[in-house]
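The values are calculated or read from the model by the stated rules, or taken from the named source; none is laboratory data. Just so it is clear, the structure is predicted and the values come from calculations on it, not from any experiment. All Cβ positions, glycine included, derive from the backbone under ideal geometry; neighbour counts span all protein chains shown. Each accessible area value is taken on the protein alone, full model and side chains, heavy atoms only, with ligands, DNA and RNA left out. Shrake-Rupley method; radii C 1.70, N 1.55, O 1.52, S 1.80 Å.
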Amino acid sequence: MAFSLDLTADSTRNALRPGAAPEKPSLIGLTRAEMAEALVAAGIVPERQAKMRVQQLWHWLYVRGVSDFAHMFNISKDLRSALAEHFSIGRPEIVEEQISNDGTRKWLFRFPPRGAGRPVEIETVYIPEEGRGTLCISSQVGCTLTCSFCHTGTQKLVRNLTSEEILAQLLCARDRLGDFPDRDTPAGAIVPSEGRKVSNIVMMGMGEPLYNFDAVKKALLIASDGDGLALSKRRITLSTSGVVPEIYRTGEEIGVMLAISLHATNDDLRDLLVPINKKFPLKELMEACRKYPGLSNARRITFEYVMLKDVNDSLEDAKALVKLLKGIPAKINLIPFNPWPGSNYQCSDWEQIEKFADFINAAGYASPIRTPRGRDILAACGQLKSESERLKKSERLALEAMMIAGHGEA
Ligand code: SAH
Ligand code: SF4
């Protein structure tokens, strides 16, 4: 049985938000230079000490994972209180934590408004697998693109997330998984068994990360910083629907692994499924992929391909796919379509997905079929949406019925 923790009781909520002071500017998500500048500008650190203080703070924030200045024991009490007066390092509010019967977790985080407007809510998903744990991070609230099979695409863009909010998803997940080994595990955290912590991150949650390039870049460079969170860039994957100019920039300026939401092998169909294709058609997209820096058999691009019954799942399509990717070091990730209320597609039959996969395998491509995870808590690909549009009970029941009636592997 899936279950859901109600974290909205005040006492629990406060326990989960140590040091939260959302109105003050956060130090999380700043580059080292920006952090130094902020400390000096606030008049609490002299310029000649700034580099050393940044070093200390960086360690506390990203190696030890503290969310309260009071725990920074090698910093004087006076400076700690000055820091707390000017800045925040608190976490967002965790509105809900759901744990699927397959161990997948989904969090609903609430961030304070930036400028005018209401607080925003976003979802982050943790997927434990044999020997690794993958965190699926959101980059925007909603999405401006309107891929016809994607639930997020039906929600208008509310706003881009800041670099702090992108990183906060990783920090909070590590809090809740007891994944800051040098720190006490927060009250109420449910720690999974050994080896099931965050070893990989994928920018595959809500939103198009390359439409929020600067914040995503900053967050990923901090996540991969060797003196902090230290995730290898090979364990970070950014998924895009194909924003070609920013694919070049991703290769040059971020250097993480790339995933492309391909889903079709000709422009006519891709224009319908992934409308950004009208702006950046397949020829330009494939050219950007070929030129992605550092590609080799050990460093391949992942092509995501959602399996839509009678739309893109024939053996002809599989043949065209192999032809299209010729010469690119590639992995093909077949994603069974995850239904949502109001969606106009059906998932391909399981037999057809296997035939498709066999064909691609025979052509020499690794083509894992992505097992749908966390469907019972609506955490699967394309099912994320923010709380502002949370499903009504009747919709949830309808969806559950769809999943039971759907293919048998879930
Ligand atoms: N916006 C980015 C990243 C988020 S989507 C992108 O489009 O790449 C992560 C993956 O889930 C994408 O490949 C997306 O096409 C796929 N997806 C979206 N809706 C889906 C659905 N209903 N079923 C299965 N996969 C879906
Ligand atoms: Fe946006 Fe990606 Fe969904 Fe397309 S698939 S609507 S780009 S989140």
Original post:
Using 0.36 nm per residue, how much length does the chain from His59 to His86 gain when fully extended, once their Cα-Cα distance is taken away?
Top reply: 7.8 nm
Original post:
Per-residue HN-Hα couplings for region 89-98, Karplus 6.51 cos²θ - 1.76 cosθ + 1.60 at θ = phi - 60°, whole Hz, x for Gly and Pro?
Top reply: 9, x, 9, x, 6, 9, 7, 8, 10, 10
Subject >> Label-point separation, Asn74 to Glu130 (7 Å along Cα→Cβ), nm >> reply: 4.1 nm
Subject >> Phi to ³J(HN,Hα) by Karplus 6.51 cos²θ - 1.76 cosθ + 1.60 over region 289-305, Hz, x for Gly, Pro >> reply: 5, 4, 8, 4, x, x, 6, 7, 5, 8, 10, 10, 7, 8, 9, 8, 9
Original post:
Taking the alpha carbon gyration tensor of region 97-404, what are the square roots of 5 times its eigenvalues, largest first, to the nearest whole Å?
Top reply: 29, 23, 20
Original post:
Just the accessible area per residue of region 56-155, please: how many Å² with a 1.4 Å probe?
Top reply: 36 Å²
Subject >> HN-Hα J in Hz across region 319-330 - Karplus 6.51, -1.76, 1.60, θ = phi - 60°, x for Gly and Pro >> reply: 4, 4, 5, 4, 5, 4, 8, 3, x, 9, x, 9
**OP:** Starting with the highest mean, order 211-218, 41-48, 226-233 by the number of other Cβ atoms within 10 Å, averaged over the residues of each peptide.
**Re:** 211-218, 226-233, 41-48
**OP:** Just the number, please: carbon plus sulfur as a percent of the accessible area of region 26-143, 1.4 Å probe, no ligands or DNA/RNA counted.
**Re:** 51 percent
**OP:** Would you mind checking which residues have amide H under 5 Å from Glu129's amide H? H placed 1.01 Å from N; only 5 or more apart, or other chain.
**Re:** Thr134
Subject >> Distant-in-sequence amide H partners of Phe303 (H built 1.01 Å from N, under 5 Å) >> reply: Ile260, Lys331, Ile332, Asn333
Original post:
Averaged per residue, what accessible surface does region 218-367 expose to a 1.4 Å probe, in Å²?
Top reply: 42 Å²
Original post:
Quick one: if the Förster radius is 45 Å, what FRET efficiency do Ser148 and Asn297 give, using the C-beta to C-beta distance and rounding to 0.05?
Top reply: 0.85
**OP:** Would you mind calculating the gained length between Ala230 and Val40 on full extension (0.36 nm times residue separation, minus the Cα-Cα distance), in nm to one decimal?
**Re:** 65.8 nm
